[in-house]
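S.K.: Okay, here's the structure, questions in a sec.
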Amino acid sequence: MSLNVSGTIGIVLFYIAILFVGIWAAIRKKAKAEKNDEREDCKKRIDKSEDILVAGRSLGLLVSSITMTATWVGGGYINGTSEETYKKGLLAVQAPFCYAASLALGGLIFAEKMRAKNYVTMLDPFQEKYGARIGALMYIPLFIGDILWCASILAALGASIGVVLDIDNTLAIIVSACFCVAYTFVGGLYSVAYTDIVQIFFIFVGLWLSIPFAFTNHAVHSISSTKKHWLGHWETNKTGVWIDNALLLIFGAIPSQVYFQRVLACKTAKQTKAQSLLAAFACFAMAIPPFLIGALATSTDWSATAYKGHTNSTLPKEDGNRVLPLVLQYLTPPAVAFIGLGAVTAAVMSSADSAILSSSSMISRNIYKVLFRPQASEREMLLVIRITTCCVGFCATVMALNAESIYGLWAFCVELIYVVLFPQLCCVIFMANANSYGALSGYIVAVFFRAGGGVTFIGLKPFIHYPWYDKSNGQLFPFKSLAMILSSLTIIIVSSVTKYLFKSRHISTKWDALGYFQSTYETAFEESSVEKEKSNENSHLLADILS
């Protein structure tokens, strides 16, 4: 197979077009900001660094819904859906259904409350309630999650471009990452949001266009003949695992900066619900084409195609993560394959830029400014945002070059956030008594019980055998959800107990190592003492008068 010159030129032009849209959005944002500043009656604008991170809170319903959809429908989402449909069947494809539910629940329960507070990042409520250090601790799973997510979708793009254009995966990943970093560097969320509009158009058109050509290829038989294969079968002994994974995909996707960054960029708090519900519907609909591609791959006689890597007319197991690009390359005409590749490329870039901006936002604001440089100027903050954007992009690219399982990376990044951060988010928003002691205890409990179940991704063997543990199948109990529940209970109990002990003075505030109760209860105690002394003075004065 030789290099597809015309396809390569087309992809390069597509990248340049996306970069142009990103730069145009940044210039448009700057011109609009200058125009607002010239108006004498205009309201005070938010800081320029915040302007970049939340697009001046100016995104309307249509743009915010599109950028939310494009963010979730990434390369891992598309390639992973086709991969799992081909390898395990529809019953194993949980992400499209669960992510749609996640967006809907996030909008109904969390979005309006966060936007009404005018937060800039998801970590703001944690640092506001627990202090800078405990709040910064929450960033660890978010950072790992964003890097893994970005790496997984860049790896998906490398696999797709490598198949269709016969370009080295390494080159494809590096070039794609550079373009994402470039326009994110220039315009922040403005550039990301407007490039998402172009990218979601390419995703929709490219994937749906390839379906009729692939289905009518002479090597493809009716998918009804392989229904048992692409539908899959229910493994009763793994019901607990299925439930566990479904819950982590639904609730693990909510506490993420890529979600709340778009929520916080909406014009109004009420708009956030409609935005999330529209994105949920669109996210589910965009999973239909990659599912169909995975299903028709099961009914294809690969020996009747030009692909030489088949085994007994079927794709070998190691080709599972390349199902979508293989279908595009060998079952559709070259022009259609190129357009389909454009869809995958657009999907990757729309999610990669979001993950990069997500991490750089929290590093610059919640780590650098809040923790180390509260006096940092706006110019300094803009510089930090851009430096961290480049650094995060570099880290994700390095990981993408060493990625082995697209779907595994993608699912694992959600798992980290589900176990540790979902209970923390619920408590910091809805539990008035939550404090830093409860948050820290819940954090430790979540990590311990999750790690106890084993992490195959990094080679950590289980040191806790939960019910139904099997040596060959591993943990069959929904232990991730158990870790999340135990973390929630720990936050509630420890927060309530420590509040009672410090407030009732059973423990002196001088033992308040985290400094949470010192300012609150010392002040209250001093005010109470002053009032009591005044009351005693008044009582003595009244007694003297009466006597």
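S.K.: Here are 190, 99, 119: which of them is buried (at least 24 other Cβ atoms within 10 Å of the Cβ) and either of a type in the set (Ser, Thr, Tyr) or outside the structural domain of residue 20 (by TED's automatic domain parsing) (or both)?
M.R.: 190
S.K.: Helices (runs of 4 or more DSSP H) wholly in the range 115-212 with at least 3 residues that are among the β-branched types (Val, Ile, Thr) and touching a residue at least 40 places away in the same chain (Cβ under 8 Å) - which ones?
M.R.: Output list reads 139-165.
S.K.: Just one of the numbered conditions (1) more than 14 Å from the chain's Cα centre (by Cα); (2) within 28 Å of residue 179 (Cα to Cα); (3) charged (D, E, K, R) is not true of residue 129; which one?
M.R.: Residue 129 satisfies all of (1) more than 14 Å from the chain's Cα centre (by Cα); (2) within 28 Å of residue 179 (Cα to Cα); (3) charged (D, E, K, R) except (2).
S.K.: While we're looking at this one, here's another question. Among residues belonging to the range 1-35 that are polar (S, T, N, Q) and surrounded by 14 or more Cβ atoms within 10 Å (Cβ to Cβ), point out the one that is modelled with the highest pLDDT.
M.R.: By that ranking, first place goes to 8.
S.K.: Suppose we keep only residues that are assigned to a helix (DSSP H, G or I), over 18 Å from residue 199 (Cβ atoms) and of a type outside the set (A, V, I, L, M) within the range 56-79. Which one would you say is modelled with the highest pLDDT?
M.R.: Restricting to residues being assigned to a helix (DSSP H, G or I), over 18 Å from residue 199 (Cβ atoms) and of a type outside the set (A, V, I, L, M), the top hit is 57.
S.K.: I'm told residue 500 meets every condition in (1) touching a His at 6+ places or on another chain (Cβ under 8 Å); (2) in a loop (DSSP other than H, G, I, E, B) except one. Can you identify the failing condition by its number?
M.R.: Failed condition: (2).
S.K.: Still on this structure, I have one more. Only one of 308, 369 is basic (Lys, Arg) and free of Cβ contacts under 8 Å to residues at least 12 places away in the same chain; which?
M.R.: So the residue among 308, 369 that is basic (Lys, Arg) and free of Cβ contacts under 8 Å to residues at least 12 places away in the same chain is 308.
S.K.: Only one of these is surrounded by fewer than 19 Cβ atoms within 10 Å (Cβ to Cβ), over 30 Å from residue 210 (Cβ atoms) and in contact with a Ser or Thr (Cβ under 9 Å, 6 or more places away or on another chain): 108, 142. Name it.
M.R.: 108
Conditions tested, residue by residue: (1) more than 30 Å from residue 237 (Cα to Cα); (2) out of contact with any Lys or Arg (no Cβ under 6 Å at 6 or more places or on another chain); (3) modelled with pLDDT under 90; (4) surrounded by 15 or more Cβ atoms within 10 Å (Cβ to Cβ).
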{"position": "441", "(1), (2), (3), (4)": "yes, yes, no, yes"}
{"position": "460", "(1), (2), (3), (4)": "no, yes, yes, no"}
{"position": "465", "(1), (2), (3), (4)": "no, yes, no, yes"}
{"position": "494", "(1), (2), (3), (4)": "yes, yes, no, yes"}
{"position": "511", "(1), (2), (3), (4)": "yes, yes, yes, no"}
{"position": "519", "(1), (2), (3), (4)": "yes, yes, yes, no"}
{"position": "531", "(1), (2), (3), (4)": "yes, yes, yes, no"}
{"position": "541", "(1), (2), (3), (4)": "yes, yes, yes, no"}
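The values are calculated or read from the model by the stated rules, or taken from the named source; none is laboratory data. Keep in mind it's a predicted model, so treat the numbers as computed, not measured. Reconstructed Cβ throughout: ideal geometry from the backbone, glycine too, with neighbour counts over all protein chains shown.
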